[in-house]
């Protein structure tokens with residue numbers, strides 16, 4: 001049996017780690033496409049008003065003539081729950097470049113699984129509660145990912161040699177982060193003022209934009225790390241973290257990147 005040399009094994013490990021990042025992005029892109037595509041072409045399900053509605057939505061039958069009166073029988077429910085669980089576990093299993101990033105990603109992963117396990121209210125009409133576990137978990141999920149994009153994405157940018165490329169990456173990360181943070185606010189304002197610029201599917205399209213922005217972060221980050229071999233640099237001890245800021249707020253909001261070891 002051929003012996004696996006250490007460099008080959010290390011390269012394999014880092015490629016696997018990179019594949020985890022790419023997998024998160026691809027699953028996020030695929031989520032609305034799978035729900036809408038398979039739902040329509042296989043089951044004849046029209047485009048729903050929101051992503052979460054696919055947990056419940058189905059085409060009327062003799063047994064259930066009113067789909068809006070029966071909860072939990074969605075034809076795409078398993079796809080919805082399965083993909084959210086997969087992304088959630090990937091976020092939990094992924095090890096960030098420090099305790100702060102790792103904590104935020106663990107929280108985001110747990111919350112995404114919570115979104116799947118506590119579906120949106122259905123068949124309650126005007127009596128549906130304004131606040132739900134599903135909704136609160138989704139909001140805090142986007143806040144957690146926004147934190148990673150804005151405050152932690154720059155940790156490895158010192159390895160990007162071209163200053164203009166480094167600034168371009170940072171601009172993209174911060175834009176995506178602010179999209180993550182603004183997404184729950186936009187949805188809340190649209191619902192409060194009853195605004196529907198894209199008709200009844202307005203929330204669906206806004207949710208898709210938020211999900212794809214989340215995917216964009218992971219794909220761009222994968223590209224950056226692949227260009228700089230950041231995983232290898234950190235594993236080799238070539239990147240070190242600056243001294244910790246005093247105070248909890250200063251510590252968590254500190255954006256100082258990792259620096260090259262002397």
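Every read-out reported here was derived from the displayed coordinates using simple, explicitly stated rules and does not represent laboratory data. Computed from a prediction, not measured in an experiment: that's the story for all the values here. Cβ: placed from backbone, ideal geometry, glycine included. Neighbour counts: every protein chain shown.
By counting other Cβ atoms within 10 Å of each Cβ, how are 250, 101, 191 ranked from fewest to most? Show your work: numbers first, answer last.
Details: 250 10, 101 18, 191 13.
By the 10 Å Cβ count, ascending, the order reads 250, 191, 101.
Between [x] 23; [y] 36; [z] 31, which matches percent of Cα pairs over 30 Å apart calculated for the structure shown? Derived directly from the coordinates: [y]. Annotation: the residues 193, 90, sorted from fewest to most other C-beta atoms within 10 Å of their own C-beta, follow the order 193, 90.
When 117, 76, 170 are ordered from fewest to most other Cβ atoms inside 10 Å of their Cβ, what list results? If you can, show how the numbers build up before the last one.
Values: 117 14, 76 24, 170 17.
Final ranking by Cβ density, sparse to dense: 117, 170, 76.
For the chain, the 222 nm mean residue ellipticity estimated from helices alone, with every DSSP H stretch of n ≥ 4 adding -39500 (n - 2.57) and the total spread over all residues, rounds to -20500 deg cm²/dmol.
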